[in-house]
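Data block below; observations after.
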Amino acid sequence: MTRIAGVLTVPMLMSCAAGPAGSGGSPSRDLHSYANSAQTRVTHLALDLEVDFGERRLSGTCTLDVDGQDGDLVLDTRDLTIASVDVSDDDGQSFREAGFDVGPADPVLGAPLRIQRGAAGKVRVAYSTDPGAGGIQWLAPRHTAGRKHPFLYSQSQAIQARTWIPLQDSPEVRVTYSARVRTPPELVAVMSAEMLSGTARTGEYEFRMPIAIPSYLIALAVGDLQFAATGERTGVYAEPGVIEAAAREFEDTEAMMQAVEELYGPYRWGRYDLLVLPPAFPFGGMENPRLTFVSPTVIAGDKSLVSLIAHELAHSWSGNLVTNSTWRDFWLNEGFTTYLESRIQEEVYGPERSTMEVSLEVEALEDELPSMDPADQVLHVDLAGRDPDEGVTEVPYVKGSMFLRTLEHAVGREAFDSFLRDYFEKFAFRSLTTEEFEVYLDSELLSSHPQARQSISVREWLYEPGLPDNRHVPVSAALDVAEEAARGWADGTLAVGDLDTEGWTTQHWQQFVRTMPEALEAERLADLDRAFGFTDAGNAEILTDWLKLTVSNQYAPADEALENFLVSVGRRKFLRPLYDELMTTEAGRKRAAEIYSKARPGYHPLAIQTFDGLVGWAQPAGE
Ligand code: BES
Ligand code: ZN
């Protein structure tokens, strides 16, 4: 997980503060939306879109059902071209033209679209997207597995839905949606919704999401896709060359669903499918309802990285069912989900694996914390005037889950599980702030556990930097084995041949590589490489840890692998440490610039936003 620093300037801070509050009436609590949703709420969206790969454009209409007080409707947009706006007073039977204006654009928030709606119940916006829309990646055929067809996918979280749909782009607002999508023939469209009809022959698809969801969960992808079932209500979409490996890798999805249902109550979304994206996808996974998007880097061949599926599946409860009200409450989505993820892993693969995964996460947090501004170490993080992307660090994920694990430890598993089940039931299909959670936690759990209430300082967990002393962190004995092996080899007491690596999992190898001393001679690295084949590792987690080590030691035999990896993979979690490491030396900076210029055309807009600054990319004149 990454944060971007220094992308926002001072005027930006001011416009951000003035933007949403200036929308009239009582402002919403969400600083990242212009929508006047406190007065007027959108309840349903009907999309009718044409996908044009040649122009890299979506165009068509979005018809919004609107409820609430009469008056103007303010929507979020960013880089959209608005052709016209019509409104209907008779439930869509007839439309008439309405006045509208697009306010000044903020680089992060975009521009408010103010529509003179009066008392109309339906508003239809005709629009098209920009080829550089931040929420859509258009991929040329060479950036796909099959290399024959183009691919497109959306990434709406956190505030990118407004770059491809004019809407109230706040997690406090839930909408149902329907969509008609026209694609070039031969390509398949999928959405975070039920597919009602559609074939690649005609390129006409219809979707329906009858359950109200926040805007950041609206998703679309179009490509050369096949489907394989992995269970009664689970399956995988992927390109033809990837589908078999994907179906095998993710065959435990149904077992995960059963485990989580048993713990926290029924799965409420019908089907649960996965969509494997091209490697440019900047995240490991995205919990789009009914259709989680995943990076192909999760397919390791041995199911060793499927905790990511457990994570995205868990969002069907924490996030998609009970949603953070604003992006400062993001830890309510990710901390709960990271906690649930470890519980699912424990049920399906046993406590040893789950504990190893938790330990690695905790180490990642402890590594990141010292370099972070104390204000950003807080769960209820202050994002005023900032891009919500800046709040995506290890803190909401790992500190958040640590808080929940500490509560579980203090009140006992049974009481905590029952508290969580009630929480998901009580707040189902609603959004929640940190303060609301704090009140609920106290009245529903801590008031009946006075000892826990005394020993755990909830306010410190939620509102202060660092990690409270009384945190509960499970210890992984299994990882110690890998750590000792690494130490033994590093201090010369053990040769590679002496290392007993029988039965090691990905997590052992990660710990082994991470424990290596920072400085190692080329022959020493070659010794490891010959024995364990790290440079050729097909596992992106292990490869990233290894390449970081080879970069810091300028180990030339891994140069080619480094370049191939950085050019073909766009997942920020992997790119970040490698570019960071390259940037620490003069020679490395030169290599980073060379590699980046090759890789950049294949990166997602979000990755470009992160790494342009990091590698000091200077746009060639005239681009
Ligand atoms: N919802 C997130 C991805 C995300 C967060 C996208 C914020 C945009 C803004 C997803 O569930 C996630 O957390 N992905 C992680 C996976 C993980 C921690 C197992 C990722 O992609 O690395
Ligand atoms: Zn998540």
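Would you please classify the overall shape of the stretch 321-376 from the alpha carbon gyration tensor, given that a ≥ b ≥ c denote the square roots of the eigenvalues, rounded means a/c under 1.5, and beyond that prolate means a/b larger than b/c while oblate covers the rest? Don't jump to the answer; show the numbers that get you there.
On the way: a/c = 5.90, a/b = 1.24, b/c = 4.74.
Oblate, because a/c is 1.5 or more while a/b does not exceed b/c.
Within a straight-line Cα-Cα reach of under 19 Å, Lys399 can be paired with the following lysines, leaving aside sequence neighbours fewer than 8 residues apart in one chain: Lys573. Taking each residue as 0.36 nm, the span from Arg413 to Asp469 lengthens on full extension beyond its C-alpha to C-alpha distance by 18.1 nm. Near Leu614, once Lys and Arg are set to +1 and Asp and Glu to -1 for all other residues with Cβ below 9 Å from its Cβ, the sum equals -1. Accessible surface of the chain, 1.4 Å probe: 48 percent of it comes from carbon and sulfur atoms. Of the GluC sites (Glu not before Pro) found in the stretch 193-235, those that fall in a DSSP loop while having at most 14 other beta-carbon atoms within 10 Å are Glu232. Amide hydrogen proximity for Gln168: with H placed 1.01 Å from N in the peptide plane, the residues at 5 or more positions away or on another chain lying under 5 Å are Asp76. The modelled label-to-label distance between Thr501 and Arg268, using points 7 Å beyond Cα along the C-beta direction, is 4.7 nm.
Write down the accessible area per residue of the stretch 343-428 in Å², having rolled a 1.4 Å probe over the full set of protein chains. Mind dumping the intermediate values first?
Numbers: 2980 Å² over 86 residues.
The answer is 35 Å² per residue.
Give the residues of the stretch 33-69 whose amide nitrogen is closer than 17 Å to a point set 7 Å from the Cα of Thr81 in the direction of its Cβ. Within reach of a label on Thr81: 49-62.
What is the sum of charges around Ser84, taking Lys and Arg as +1, Asp and Glu as -1, for the other residues whose C-beta is under 10 Å from the C-beta of Ser84?
Working: positive: Arg124; negative: Asp86, Glu97.
Its environment carries a net charge of -1.
Evaluating 6.51 cos²θ - 1.76 cosθ + 1.60 at θ = phi - 60° for every residue in the stretch 130-136, the Karplus couplings come out as 8, x, x, 3, x, x, 10 Hz, glycine and proline recorded as x. For Lys426 and Thr176, a Förster radius of 22 Å and the Cβ-Cβ distance give a FRET efficiency of 0.50, rounded to the nearest 0.05. A 1.4 Å probe run over the protein chains yields, for the stretch 25-128, 43 Å² of accessible area per residue, whole-number rounding. Think of the stretch 372-416 as a dipole: +1 on every Lys or Arg Cβ, -1 on every Asp or Glu Cβ, centred on the Cα centre; then among Val381, Val392, His409, His409 lies furthest on the positive end.
Scanning residues 5 or more positions from Met209 or on other chains, those with amide H under 5 Å from its amide H are Tyr177, Ser178, Glu194, with H placed 1.01 Å from N in the peptide plane. A Förster radius of 45 Å combined with the Cβ-Cβ distance from Glu204 to Asp70 puts the calculated FRET efficiency at roughly 0.75. Relative to its residue count, the stretch 471-602 spans a Cα convex hull of 126 Å³ per residue. Seen through its C-alpha gyration tensor, with square-root eigenvalues sorted a ≥ b ≥ c, the stretch 221-373 comes out rounded because a/c lies under 1.5. Based on the alpha-carbon gyration tensor of the stretch 319-460 and its eigenvalue square roots a ≥ b ≥ c, which shape applies: rounded if a/c is under 1.5, prolate if not and a/b is larger than b/c, or oblate? Verdict is rounded for the stretch 319-460. Couplings for the stretch 336-351, taken from phi via the Karplus curve 6.51 cos²θ - 1.76 cosθ + 1.60 with θ = phi - 60°, read 4, 5, 5, 5, 4, 3, 5, 5, 5, 4, 4, 5, 7, 10, x, x Hz in order; Gly and Pro are left as x. What the stretch 209-287 shows is 31 Å² of accessible area per residue, with the surface traced by a 1.4 Å probe over protein heavy atoms.
Here the stretch 371-388 and the stretch 498-525 have alpha carbon centers that stand 35 Å from each other.
Averaging 1/r across all pairs of distinct Cα atoms in the chain and inverting the result yields a Kirkwood radius of 25.4 Å.
Couplings 3J(HN,Hα) for the stretch 199-210, derived from phi with the Karplus relation 6.51 cos²θ - 1.76 cosθ + 1.60 (θ = phi - 60°), are 9, 5, 5, 9, x, 10, 10, 10, 10, 8, 10, x Hz, where x marks Gly and Pro.
Using a 10 Å Cβ count of at most 16 others and DSSP loop calls, identify the longest part of the chain lacking such chymotrypsin sites (Phe, Trp or Tyr not before Pro). Show your work: numbers first, answer last.
On the way: sites that count: Phe429, Trp617.
Looking at the chain, 1-428 is the longest stretch - no exposed chymotrypsin sites (Phe, Trp or Tyr not before Pro) with at most 16 other Cβ atoms within 10 Å.
The values are calculated or read from the model by the stated rules, or taken from the named source; none is laboratory data. Every value quoted in this text rests on a predicted model; they were computed, and no experiment measured them. Reconstructed Cβ throughout: ideal geometry from the backbone, glycine too, with neighbour counts over all protein chains shown. Calculation scope for accessible area: heavy atoms of the full protein, side chains included, ligands and nucleic acids excluded. Shrake-Rupley method; radii C 1.70, N 1.55, O 1.52, S 1.80 Å.
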